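Note sheet for the following structure.
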Amino acid sequence: MSQPSRGPVSHPHTGSGPEADVTPPQIPVVVLAGFLGSGKTTLLNHLLHHSGGSRVGAIVNDFGAVEIDAMAVAGALGDSTVSLGNGCLCCAVDASELDGYLDRLTAASVDVVVIEASGLAEPQELVRMVLAGENPDVVYGGLVEVVDAAEFDDTRARHPEIDRHLALADLVVVNKLDRAADGDRVLGLVRSLTDRAAVVPASYGRIDPALLFDCRPARERVGQLSFDDLHAEDDPRPGAAGHAHGSAGHLHAGYDSLSFVSDVPLEPRRLMRFLDSRPDGLYRIKGYVDFGAHDPRNRYLLHAVGPFLRFYPEPWPAGGTRRLTQLVLIGSGIDTAALGKELEACRTEPYERDAPHADEHGMWGVLRYVRDTGDPEDVRDTGDPEDPEDPDDEVRYGSAL
């Protein structure tokens, strides 16, 4: 089921003129899954207390009728929570009902929604529901699977389906490493079971929220958000969101990030080759792309999480804003120097920039990942081109369902 076209997407900003009416960005919906006792609620509570000012909405799904998990997070969320008890979310509601819950949360002006599944939920079905939804204000933010490092072998023996769950995940948090006698072995085993997902070690659910969503800038800014806001430096103050400490040390120790800026437009075919071959562990890519003469009127907001990829064209801001490509890449175990060189190789050559007309077919690969234009012939499947009907591709790659 395809979603309706949403039009330009941008960061909100103040001001007057046509740019004041630019549609705000879509809100990421993150599915947080894992078997009973893995530490999902602990991780969610950590995100709530280290959100950097971002407003987090949550859908908490306890399996039992007594909603212990919901009570654990309700104090931090207030009205920005939906609690579902006595059943698995993947069995108890359908995509349209989930849309209703998401409508309620987006109306509360949250910046991110986290769906905490019950320990017995089927992650694939939850992802399907998010992708099948028709709320134009949200976008799939990835499947996060939490595993208990200390109990992983026993959990795997009792629930062999965990191998399939790990293969679907976009980010795996190997939690409770402080209690595991052989944490390195567990980390290696988990990595062998994933399909290119980023694997992040943790204790007490302490991961950096930047892995999942963009924290709000520490200062209010008048005007358009800058690149510094896209990729803010860690706050050096003790206890600040970027520097929360614990037995696991600095939160950002478990991942790597790369900032890429180019005042030379990128060639769309080269960028798509880069995106189609992105390496294991590269979890998120975000920012703006300038395709130069291929589309001089628009810049393209890029949102990628795991294998999920979307481009959102929007008009360049008025007022002579400098045209730049500005990207942030976040992952675990990635070679940032090599990735930077690959992105530099995506720049247009001088002869391409000086050409009177851009190749009319150059943008086809990019437009494949632009949301539904309303054309019923425009399927925009983002799965395996050899098997566009494969349902696993719909889950892994976020094609229009």
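The values are calculated or read from the model by the stated rules, or taken from the named source; none is laboratory data. Keep in mind the model is a prediction, meaning the values are calculated, not measured. Every residue, glycine among them, receives a Cβ derived from its backbone with ideal geometry; neighbour counts consider all protein chains shown. Just the protein is used for accessible areas: all its heavy atoms, side chains included, with ligands, DNA and RNA removed. Shrake-Rupley method; radii C 1.70, N 1.55, O 1.52, S 1.80 Å.
Please identify the pairs in which a residue from the range 203-214 that is modelled with pLDDT under 85 has its Cβ atom under 8 Å from the Cβ atom of a residue that is among the basic types (Lys, Arg) and not in a loop (DSSP other than H, G, I, E, B), counting only partners at least 6 apart or on another chain.
Taking only residues 6 or more apart or on different chains, the pairs are Asp214/Lys286.
Just to verify a result, which residue in the range 52-82, among those that are in a loop (DSSP other than H, G, I, E, B) and at pLDDT 80 or above, is most open to solvent (accessible area, probe 1.4 Å)? Working first, answer last.
We begin by selecting, within the range 52-82, every residue in a loop (DSSP other than H, G, I, E, B); these are 52-55, 62-67, 78-80.
Restricting the remaining residues to those that are at pLDDT 80 or above gives 54-55.
Working: Ser54: 9, Arg55: 105 Å².
Residue satisfying both the conditions and the ranking: Arg55.
Please verify whether Leu343 is within 19 Å of the chain's Cα centre (by Cα), surrounded by 15 or more Cβ atoms within 10 Å (Cβ to Cβ) and at pLDDT 90 or above, treating the condition exactly as stated.
No, not satisfied.
What is the number of the single condition among (1) within 22 Å of Gly333 (Cβ to Cβ); (2) touching a residue at least 12 places away in the same chain (Cβ under 8 Å) that Ser277 does not meet?
Only one criterion is unmet by Ser277, namely (2).
Filter the range 348-385 for residues that are at pLDDT 80 or above and open to solvent by less than 70 Å² (accessible area, probe 1.4 Å); which is farthest from Phe311 (Cα to Cα)?
Taking the range 348-385 as the starting set, the residues that turn out to be at pLDDT 80 or above are 348-349, 361-370.
Okay, now just the ones that are also open to solvent by less than 70 Å² (accessible area, probe 1.4 Å), so 348, 362-363, 365-367, 369-370.
Numbers: Thr348: 19, Gly362: 15, Met363: 11, Gly365: 11, Val366: 7, Leu367: 8, Tyr369: 6, Val370: 5 Å.
Within the range 348-385, the match that is farthest from Phe311 (Cα to Cα) is Thr348.
With the requirement that a residue be outside any strand (DSSP E or B) and in contact with a strand residue (DSSP E or B) (Cβ under 9 Å, 6 or more places away or on another chain), what does the range 136-149 give you? Give the derivation first.
Taking the range 136-149 and keeping what is outside any strand (DSSP E or B), we get 136-137, 149.
Hits for the range 136-149 are Asp137, Ala149.
Residues are listed down the side, and each one gets a yes or a no for (1) modelled with pLDDT under 90; (2) part of a loop (DSSP other than H, G, I, E, B); (3) more than 30 Å from Val190 (Cα to Cα):
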site: Asp235; (1), (2), (3): yes, yes, yes
site: Gly242; (1), (2), (3): yes, no, no
site: Leu275; (1), (2), (3): no, no, no
site: Lys286; (1), (2), (3): no, no, no
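Of everything in the range 288-313 that's of a type in the set (A, V, I, L, M) and open to solvent by 10 Å² or more (accessible area, probe 1.4 Å), which residue is modelled with the highest pLDDT?
Taking the range 288-313 and keeping what is of a type in the set (A, V, I, L, M), we get 289, 293, 301-302, 304-305, 309.
From the residues that got through so far, the ones that are open to solvent by 10 Å² or more (accessible area, probe 1.4 Å) too are 293, 301.
On the way: Ala293: 90, Leu301: 93.
The selected residue is Leu301.
Can you give me the number of residues within the range 314-328 that are open to solvent by 40 Å² or more (accessible area, probe 1.4 Å) and either of a type in the set (Lys, Arg) or in a loop (DSSP other than H, G, I, E, B) (or both)?
So the count comes out to 6.
Any idea how many residues of the range 163-179 are under 16 Å from Glu122 (Cα atoms) and either open to solvent by 40 Å² or more (accessible area, probe 1.4 Å) or part of a helix (DSSP H, G or I) (or both)?
Residues in the range 163-179 being under 16 Å from Glu122 (Cα atoms) and either open to solvent by 40 Å² or more (accessible area, probe 1.4 Å) or part of a helix (DSSP H, G or I) (or both): 6 in total.
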